[in-house]
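Written out below as structure tokens is the structure these notes cover.
The values are calculated or read from the model by the stated rules, or taken from the named source; none is laboratory data. All figures in this text were calculated on a predicted structure; none of them were measured in a lab. Here the Cβ positions follow ideal geometry from the backbone for every residue, glycine too, while neighbour counts run over all protein chains shown. Side chains are part of the model used for accessible areas, which takes the heavy atoms of the whole protein and leaves out ligands, DNA and RNA. Shrake-Rupley method; radii C 1.70, N 1.55, O 1.52, S 1.80 Å.
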Amino acid sequence: MKRSLGLLAILILLFSCKNDKTSPNDRILSDSSGNINQLTVVIENDLWEGQVGEAIRDNLAAPVDGLPQEEPLFSLSQIPPKTFTGFVRNSRIFLKIEEGEKGMALVSDEFARPQTGIVVQGRDQEEIIEVINKESDSIISLLKKTELKEKQRRIRKSLKKDESLQEKFGLKLNFPSAYRYAKEDDDFVWIRKEIPKGNMEILVYEVPISRIENDSSVIANISKMRDSIGKAQIPGPVEGSYMITEKAYAPYLFETKIGGKFAYETRGTWEVQNAFMAGPFVNYAVKDEANNRFLILEGFVFSPSRGKRDNIFELDAILRSAKIK
């Protein structure tokens, strides 16, 4: 009987030890940290101060498209590899430069969660610079995807009810409770959040597919559409003033997907006709063929003499959460 109990105890111990072996994905990790779009660059000081650092800054701190003044894609914070330890490794996004076989590797949730790390290697500075220049678009896309998800996660902590958007447009949109409905018509909704010395705005409306896709250029049609909506719905500070697309520079036009549907993405600067006001905007024209329409989702910012990158990024995170029935 004693031998049976002893054997049973050994089997239980072995089974427990086996279950204690966790895979790397099951490790208990700390929460990642850092401001949105704050990129930690792990690189030796001499490389950072030389041509490798210059290549990193040229690509990852390049100006954001569509802003009225130059602001970088990422705010870069450099540290040497020997200090990349402890809580410093909890940075949500990081770029690490190493000596080794030429190439780039993605590291996910290595030291914290969620976390995206990019490791760039080369046998010398020329190879490292070559990888950075060649893979910069992929690096930016991977890091921005992580930051967008994190911003959307933070937004979901306190959501405003969007019944009005669902009833009018069949649209589900996640935006914070700090926003309020500023204007509601049958076919137009204006949502606003007040910020120090300014505002962040969201517009939702719809137009027929032919309004944007016809014989004229798409970007010209989107600008005309914005100008007509601005004249009808977005008054300026003085009589006869209203929002239009900036005349001096054409907006940037991209193709993307919102809620699984094709969309035109337009970024540029708005201004007020007959008044001195301006700021950046991002506009998504989402093609909804089932309803023969483009659903227009736009965010714009008024915040004179202040940086606007993070404001536009928040609006972007909200608009990209859209789901259309």
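What does the accessible area per residue of the chain come to in Å², with a 1.4 Å probe and no ligands, DNA or RNA counted?
On the way: 17480 Å² over 325 residues.
Dividing the accessible area of the chain by its residue count gives 54 Å².
For helix 51-60, what angle does its Cα long axis make with the longest principal axis of the chain, in degrees from 0 to 90 and rounded to 10?
The answer is roughly 50 degrees.
How about the stretch 237-267: which trypsin sites (Lys or Arg not before Pro) there lie in a loop by DSSP and see at most 13 other Cβ atoms within 10 Å?
Working: sites: K247, K257, K261, R267; in loops: K247.
Passing sites in the stretch 237-267 are K247.
Quick one: if the Förster radius is 41 Å, what FRET efficiency do F87 and N133 give, using the C-beta to C-beta distance and rounding to 0.05?
Working: r = 32 Å, r/R0 = 0.78.
Calculated value: 0.80.
Could you tally the net charge around A178, taking each other residue with its Cβ under 11 Å from the Cβ of A178, Lys/Arg +1 and Asp/Glu -1? Before the final figure, lay out the partial values.
Numbers: positive: K160, R180, R192, K193; negative: E194, E314.
Counting the neighbours of A178, the net charge comes to +2.
How much solvent-accessible surface does E314 expose, in Å² to the nearest 10, with a 1.4 Å probe and all protein chains in place?
Here the residue's solvent-accessible area equals roughly 20 Å².
Ignoring any ligand, DNA or RNA, what whole percent of the accessible area of the stretch 172-325 comes from carbon and sulfur when the probe is 1.4 angstrom?
On the way: 3390 of 7060 Å².
Carbon and sulfur atoms account for 48 percent of the accessible area of the stretch 172-325.
Contour minus end-to-end for Q233 and E98, with contour as 0.36 nm per residue of separation and end-to-end as the Cα-Cα distance?
On the way: separation 135, 0.36 × 135 = 48.60 nm, distance 5.40 nm.
Full-extension gain reported as 43.2 nm.
Give the value in nm², to one decimal: projected area of the alpha carbon convex hull of the chain, averaged over all directions. Walk me through the intermediate numbers first.
Working: hull surface 99.4 nm².
Mean shadow area of the hull around the Cα atoms is 24.9 nm².
Give me the accessible area of M104, 1.4 Å probe, in Å² rounded to the nearest 10.
For M104, the solvent-accessible surface is approximately 70 Å².
Have a look at Q166, P208, G198 and report the one farthest towards the positive end of the charge dipole of the stretch 162-220, computed about the Cα centre with Cβ charges (Lys/Arg +1, Asp/Glu -1).
Checked the options; the winner is G198.
All other residues with a Cβ under 11 Å from the Cβ of F74 taken together, and with Lys, Arg as +1 and Asp, Glu as -1, what is their net charge? Before the final figure, lay out the partial values.
Details: positive: R57, K144, R309; negative: E71, E147.
Charge balance in the 11 Å sphere: +1.
Any idea what angle helix 218-233 forms with the longest principal axis of the chain, computed on alpha-carbon atoms, 0 to 90 degrees, nearest 10?
Approximately 70 degrees, to the nearest 10.
Counting Lys +1, Arg +1, Asp -1, Glu -1, what net charge surrounds A322 among other residues with beta carbon under 12 Å of its beta carbon?
Working: positive: K172, K257, K261, R320, K323, K325; negative: D162, D288, E298, D316.
Local charge sum for A322: +2.
Which value in nm describes the separation of the simple spin-label points at A182 and E110, placed 7 Å from the Cα toward the beta carbon?
Here the modelled spin labels are 4.4 nm apart.
Taking a quarter of the surface of the Cα convex hull of the stretch 35-116, what do you get in nm²?
Working: hull surface 25.1 nm².
Its Cα hull, projected and averaged over all orientations, spans 6.3 nm².
Among the listed pairs K144/K287; K145/K287; K149/K231; K149/K247; K157/K247; K96/K151, which are separated by more than 30 Å between their Cα atoms?
On the way: K144/K287 24 Å; K145/K287 23 Å; K149/K231 35 Å; K149/K247 34 Å; K157/K247 39 Å; K96/K151 23 Å.
Long pairs (Cα-Cα over 30 Å): K149/K231; K149/K247; K157/K247.
Mind checking the angle between helix 309-319 and the chain's longest principal axis? C-alpha axes, 0 to 90 degrees, to the nearest 10.
That helix lies at roughly 90 degrees to the long axis.
Could you name the lysines in cross-link range of K197, using Cα to Cα under 19 Å and dropping any fewer than eight places away on the same chain?
K308
Roughly how many Å² of W190 are accessible to a 1.4 Å probe, to the nearest 10?
30 Å²
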